[in-house]
Structure formats: structure tokens, C-alpha cells
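Below you'll find the structure, written out as C-alpha cells, and then a few comments.
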Amino acid sequence: MAHDLRDVGGTRGGFGMFVVGLGMTIAGLYLLFRQVDVHGGYWRWGGGDDRSFGLTLLPLLAGVGVLFWNGSSKLGWGLAGGGLLILVIGIIANMRIHLRSMSLFDTLIILVLVAGGLGVIARSLRAVGGDGDGTPKPPPS
């Protein structure tokens, strides 16, 4: 059975509604994300202001060194991969995310775009037409 581009979610019609809803949702999320500041940091072991970034580089550097000596070393790959994982986890775990101040109007526009877009996407998954009870009409023969 061939599918038509107008079919969304296996129902008749709704492709235009889906595109409009997707556009609204993307626009709302774009405007929301533009109002978010992300600040980075890194682990502080032992509290205070001492930075321990160098300590987390040791497994990565040791693994890279072993890989230069023997490129097929499982120990080298494990150290390098584990060191890289420690780095990424450390960066993500210490992100600080702040929402900038916005006017009520801007906030309402963003929220209406996101909520309305998701609603239009959900509506597009229902069949267009039918006999009023939500069941689609069978396709013409």
C-alpha cells in the first residue's frame, strides 16, 4: 500500500497541520533557548577553589601514550576512553543554566508557540474527515 505525503501517523490528511505545528514548536523552542545562558565549570575536589581538571586528564593522557606505543592495546583504549568519559561527565555535571529575564509578553508568546505547536501536531495525527465519532472514513474504491 503506497503512502501519500498527506498521511501522518497512518491517518488520512493532516500533513499541512503537522508542518504548521512543527514550525510553531521549533520557533517557540528556538526563542526559549535563546533566553538561556549556560555557564561552565569543572569539578572541585576537596572543596574550595582548588581546580582538579589536571587530575582528570591523567587517565586520558596515559591512554593516549599507551596507544602511541601500541595502537591495539586494550589497556590504552580503556584508559583513553575512560579518561574522555570522565572529562565529558565533569563538564556536563558542572554546567550552570540560567534563564534570562523576559517580559510577560515574550514569555507568553514562547509558551503559546510551544504548547500550540504540540497541540497542532497531536491534532494532525487524527484522521481528517470521518463520521464525527473519530473513526476515519474508508478510502474510496
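The values are calculated or read from the model by the stated rules, or taken from the named source; none is laboratory data. Values in this document were obtained by computation on a predicted structure and should not be read as measured data. Cβ atoms come from the backbone with ideal geometry, glycine included; neighbour counts cover every protein chain shown.
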Practice item. Report yes if some residue within the range 80-91 is among the β-branched types (V, I, T), exposed (fewer than 15 other Cβ atoms within 10 Å of the Cβ), part of a helix (DSSP H, G or I) and at pLDDT 95 or above; otherwise report no. Key: no
Review point. F18: touching a helix residue (DSSP H, G or I) at 6+ places or on another chain (Cβ under 8 Å) and either at pLDDT below 90 or within 30 Å of L108 (Cα to Cα) (or both), yes or no?
Key: yes
